[in-house]
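The values are calculated or read from the model by the stated rules, or taken from the named source; none is laboratory data. Source: prediction; values computed, not measured. Virtual Cβ from ideal backbone geometry, glycine too; neighbours counted across all protein chains shown.
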Amino acid sequence: MGTVGDKSDDEYSVIGDKREINFIDYANNKSVCDYNHEGGPLIISAPFPFSKGNPQSVFVGATAFDLISIENITSEPVELWTKIYASTPKDSFVLSLMKPPLANSEVDTSQGFVELFDLEDRMIQPGETLTIWLSCKAKEIGLHTTIVHFDVEGERLERMVFLLVEDKISQSLASKKPYSRAQRKKQFPVDEFVTGPRPVRAMGQGVRNRLLPYDIPKDIRELVENKQTPDAIKAGLTRDNYVSYFKHLLILEELQLEEDMRAYNMENINMRKKGKYLSLQVPGLAEKRPSLVHGDHIFAKLACEDASGSDRVYEGCIHRVEADEVYLKFASEFHSNHIDENLYNVQFTYNRINMRRQYQAIDAAKSLNVSLLFPSGSPKSRVIETTPLVPICCTLNEEQMCSIEMILGCKGGPPYVIFGPPGTGKTMTIVEAILQLYSTQKSSRILVCAPSNSAADFILERLLNEESVEIKENEIFRLNAATRPYYDVNPDFLRFCFFDELVFKCPPLSVLACYRIIISTYMSSSLLYAESVGKGHFSHIFLDESGQASEPESMIPVANLCRRETVVVLAGDPKQLGPVIYSKEAENFGLGKSYLERLFEHEFYSNGNENYVTKLVRNYRCHPEILYLPSLLFYNDELIPCKDDIGSLLNSVKFLPNKDYPVFFFGIQGCDEREGSNPSWFNRIEASKVVEIVSSLTASGILNEKDIGVITPYRQQVLKLKKAFENLDIPDVKVGTVEQFQGQERKVIIISTVRSTIKHNEFDRIHCLGFLSNPRRFNVAVTRAIALLVIVGNPHIIDKDTYWSKLIWRCADHNSYQGCALPERQEYEDNASTPEDCRVDDETSIAEMWGEDTKEIGNLVPFTDEAECSKCDELTSSLQVIERQSEEKTASSTEELGGDSDLTGDSGGELVESLSKPVE
């Protein structure tokens with residue numbers, strides 16, 4: 001049996017000519033669960049019936065059995081032949097006429113018991129019922145499948161049987177609550193409300209530049225809410241409409257953020273009096289779902305008044321956040337009328353500070369030289385005069401030397417780009433360029449921006465660790481947001497920060513002007529504008545990992561601080577994951593395209609002109625075979641593997657069938673499940689296999705837990721794996737989504753693909769879910785490993801994707817595949833080019849969809865009909881946005897930084913675990 005059907009059509013299962021089973025999708029074969037009378041002379045029951053839509057479970061090593069009743073409903077004798085057509089694993093199912101003996105049975109009870117694969121020529125008399133027993137010997141974890149044939153007077157009936165074989169680990173991860181879609185939360189109007197007292201503003205200096213409110217125009221809001229697209233973005237981006245185009249995209253994004261925040265609304269909840277505050281427990285708050293910080297506010301009203309239509313709404317301001325609890329102050333009358341038994345309805349609000357920063361940056365971009373935004377608009381290409389470089393770091397390669405010489409010789413104009421595929425040393429190149437500027441150009445002033453606090457800290461660490469250049473302590477500064485937790489910063493770095501009473505602050509202009517190197521996140525760089533750091537103050541602005549930031553985010557440092565002579569350097573890879581956008585419509589129209597990616601639409605960059613771009617091609621991370629497919633599929637087969645001395649690790653890995661090949665695929669058929677109201681998927685069978693592999697690797701003694709990373713596309717699978725590792729006291733294995741691993745590396749990477757049914761394949765392909773049909777996610781996932789890449793998944797599912805199919809069959813061709821039978825081999829073009837990012841159809845709203853964790857916003861999802869419910873089963877909300885860009889996309893405190901509350905820093909701290917030191 002195997003799967004057939006065109007990859008763009010509905011797929012289904014059929015019986016093949018050979019007595020073997022490749023793959024049957026139990027979720028796509030209704031007859032598996034419900035056998036109706038087929039109209040023949042016999043009624044045949046279905047053994048091992050499903051339980052709540054899933055196969056029954058049996059513990060590995062045990063024998064499970066069930067009876068098959070065969071009733072003759074005619075007035076004539078019926079001749080019956082019964083046989084097991086095929087089983088997976090092979091010979092795991094047998095037939096018998098006697099009930100199988102229990103494992104602890106007496107010896108004599110087993111006498112006469114015979115296991116058979118065929119029961120020949122049984123005559124069933126009229127009205128008689130024959131009982132046959134079907135047994136399964138649970139050989140290994142995973143789905144066990146068999147097909148039983150019943151030949152009756154020239155006709156053949158069949159029964160397909162599924163059993164899920166588990167072990168202790170998979171059983172411990174079983175769903176505690178059946179999945180049910182969350183109900184739509186009622187939204188009460190907030191046209192008027194009673195304000196609450198805001199927190200006392202921290203003492204500090206005032207700021208010089210205040211952000212405008214940038215309120216969303218009422219007509220645009222109504223247009224978007226009526227599912228219409230503003231004319232300003234329909235024609236696409238041009239030189240003439242730059243500001244209007246991006247502002248309208250940001251409006252689409254902000255309206256989606258408002259909508260997403262409503263998913264957290266709570267009904268019929270209690271608040272408790274705690275001193276002068278009312279405390280509210282917010283599930284998911286510790287994981288920043290929702291992200292609430294000091295100074296944010298909520299709206300609340302009595303649930304009974306809400307039901308009666310009363311319009312008395314109160315604003316509660318957040319004065320303190322602790323774990324999953326917020327401390328609120330409302331108007332005095334709200335407190336005086338409160339009793340702990342009251343039930344309230346609560347609505348959360350979206351903090352607009354970061355969006356307002358982006359509006360302001362786009363406004364500021366009006367004054368930028370056209371060559372920065374549209375390099376092709378320059379009358380002629382530039383030629384940079386370079387001088388030979390004496391490297392500070394002696395390990396630089398030819399391409400890195402070239403890019404640094406170009407940066408040193410650049411005099412402004414279009415940005416210079418360091419195109420750095422995985423593991424090619426982008427960050428090392430940036431660090432060398434900064435040190436060269438610091439050492440050789442004494443008048444240089446350098447701003448370095450990264451997309452996250454951890455990435456910015458890593459650049460600071462690399463600069464400080466270079467022994468050949470001693471950077472004076474009073475000339476380098478790490479700018480942090482006020483909401484970044486003090487204890488989140490490495491104590492060794494605190495002397496380069498500015499803080500008061502354990503709260504980070506931005507120093508005044510007179511102090512900022514003394515630093516030659518300032519390191520910040522994209523969003524925190526807005527604090528420099530707030531302090532009136534002038535355009536042209538920085539001679540060089542470096543944007544690291546610029547492919548991960550949207551263009552308005554990139555404009556925060558560029559538009560506010562650049563003049564014609566400012567040298568702007570972008571480092572990144574447009575072939576890896578880009579910015580994550582909440583609004584699918586905004587993404588489709590261009591907000592999901594980074595500034596870096598858009599530059600490559602201009603001929604100077606797309607043609608590889610060395611005066612505009614240098615492509616790093618020497619990979620120092622991966623084993624050559626790990627690098628082979630990404631190089632071929634994404635980088636024109638130009639990457640040069642330079643990693644040495646990794647063969648000894650492979651020799652020590654016991655489960656590898658080919659000790660010379662560093663990519664191993666273990667095929668396993670499990671079940672993809674959900675639980676409670678959480679729409680994200682998990683596969684506990686795969687999780688158990690991953691734990692087994694990790695245990696085997698660490699038992700060798702060559703690897704420790706921190707050498708191993710586990711990547712999976714679904715947030716719920718991340719949580720299940722973390723729980724399993726915690727239960728086994730294996731806490732240091734990094735488990736995360738693809739987004740959390742971008743820029744990281746581990747000696748060994750294990751990928752769990754999760755999906756195990758065909759049912760959702762087409763939807764996944766259309767909407768770029770999981771690993772399917774998302775080339776950039778594939779590229780990032782498979783390039784994190786240094787010495788060994790292990791994939792655990794169902795090959796029949798991910799083989800439907802061109803890229804994963806190539807990986808599966810490359811493993812098979814190198815004797816590096818084990819597990820369930822492989823699907824029929826598909827032929828693809830070898831010269832596959834990198835496709836554009838997948839886009840959701842314009843008619844499909846991301847806010848109405850859930851399931852996979854590209855954008856997980858919580859557990860509350862609104863639906864209106866069955867169509868929306870089907871979408872809910874497949875898409876996700878914004879958790880990875882929060883996790884991958886926590887400083888950039890979450891609400892900033894509006895009160896903690898001294899001065900203007902509109903100019904606080906990015907959100908509080910990294911949610912993602914501390915990153916290891918990547919090569920890049």
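Annotations for the structure displayed:
- Which listed residue is at pLDDT below 95 and in contact with a Pro (Cβ under 9 Å, 6 or more places away or on another chain), from L649, L599: L649
- Pairs meeting the criteria (first residue in segment 738-754 and over 18 Å from P662 (Cα atoms), second residue β-branched (V, I, T) and in a helix (DSSP H, G or I), beta carbons under 7 Å, at least 6 apart or on different chains) are V738/V780; F741/V780; Q742/V780; T753/I798.
- Residue match in segment 669-687 (condition: within 25 Å of P451 (Cβ to Cβ), out of contact with any Gly (no Cβ under 8 Å at 6 or more places or on another chain), of a type in the set (A, V, I, L, M) and crowded, with 21+ Cβ neighbours inside 10 Å): no
- Leading residue by the ranking (nearest to F542 (Cα to Cα)) among those in segment 369-381 that are of a type outside the set (V, I, T) and out of contact with any Phe, Trp or Tyr (no Cβ under 8 Å at 6 or more places or on another chain): L372
- The lone criterion from (1) in contact (Cβ under 8 Å) with a residue 60 or more places away in the chain; (2) in a loop (DSSP other than H, G, I, E, B) left unmet by E333 is number (2).
- Counting only strands (runs of 3 or more DSSP E) that sit completely within segment 402-490, those holding 2 or more residues that are within 26 Å of I786 (Cα to Cα) correspond to 416-419.
- Among the residues of segment 535-544, none is identified as surrounded by 24 or more Cβ atoms within 10 Å (Cβ to Cβ) and out of contact with any Cys (no Cβ under 9 Å at 6 or more places or on another chain).
- Residue in segment 251-259 that is in a helix (DSSP H, G or I) and of a type in the set (V, I, T) present: yes
- Failed condition for Y582, given (1) within 22 Å of L447 (Cβ to Cβ); (2) crowded, with 24+ Cβ neighbours inside 10 Å: (1)
- Within segment 161-194, being aliphatic (A, V, I, L, M), over 29 Å from the mean Cα position of the chain (by Cα) and surrounded by fewer than 21 Cβ atoms within 10 Å (Cβ to Cβ) holds for V190, V194.
- Segment 488-502, residues that are farther than 15 Å from E473 by Cβ and more than 31 Å from the chain's Cα centre (by Cα): F499, D500, E501, L502
- Qualifying residue in segment 173-191 (condition: at pLDDT 90 or above and among the aromatic types (F, W, Y)): no
- Residue in segment 123-145 that is in the same structural domain as I84 (by TED's automatic domain parsing), in a strand (DSSP E or B), modelled with pLDDT under 90 and exposed (fewer than 14 other Cβ atoms within 10 Å of the Cβ) present: no
- Condition broken by V390, with the remaining ones in (1) of a type in the set (A, V, I, L, M); (2) in contact (Cβ under 8 Å) with a residue 40 or more places away in the chain; (3) more than 27 Å from S371 (Cα to Cα) satisfied: (2)
- From R272, R352, residue being under 21 Å from V580 (Cα atoms) and either modelled with pLDDT of 90 or more or surrounded by fewer than 16 Cβ atoms within 10 Å (Cβ to Cβ) (or both): R352
- Close pairs from segment 30-59: first within 12 Å of R159 (Cβ to Cβ) and among the hydrophobic types (A, V, I, L, M, F, W, C), partner modelled with pLDDT under 65 and surrounded by 16 or more Cβ atoms within 10 Å (Cβ to Cβ), Cβ under 6 Å, at least 6 apart: A46/Y35
- The residues in segment 688-718 that are assigned to a helix (DSSP H, G or I), hydrophobic (A, V, I, L, M, F, W, C) and surrounded by fewer than 18 Cβ atoms within 10 Å (Cβ to Cβ) can be counted, and the count is 1.
- Condition check for F117: crowded, with 17+ Cβ neighbours inside 10 Å and either at pLDDT 90 or above or over 39 Å from the mean Cα position of the chain (by Cα) (or both): no
- Only one of I430, I446, I476, I471 that is hydrophobic (A, V, I, L, M, F, W, C) and either under 32 Å from the mean Cα position of the chain (by Cα) or on the phi > 0 side of the Ramachandran plot (or both): I430
- Every test in (1) surrounded by 24 or more Cβ atoms within 10 Å (Cβ to Cβ); (2) at positive phi is passed by D729 save one, and that test is (1).
- All positions within segment 545-565 that are over 21 Å from L591 (Cβ atoms) and either crowded, with 24+ Cβ neighbours inside 10 Å or in contact with a Lys or Arg (Cβ under 8 Å, 6 or more places away or on another chain) (or both): L561, C562, R563, E565
- Subset of segment 368-385 (residues that are in a loop (DSSP other than H, G, I, E, B), aliphatic (A, V, I, L, M) and buried (at least 17 other Cβ atoms within 10 Å of the Cβ)): L368
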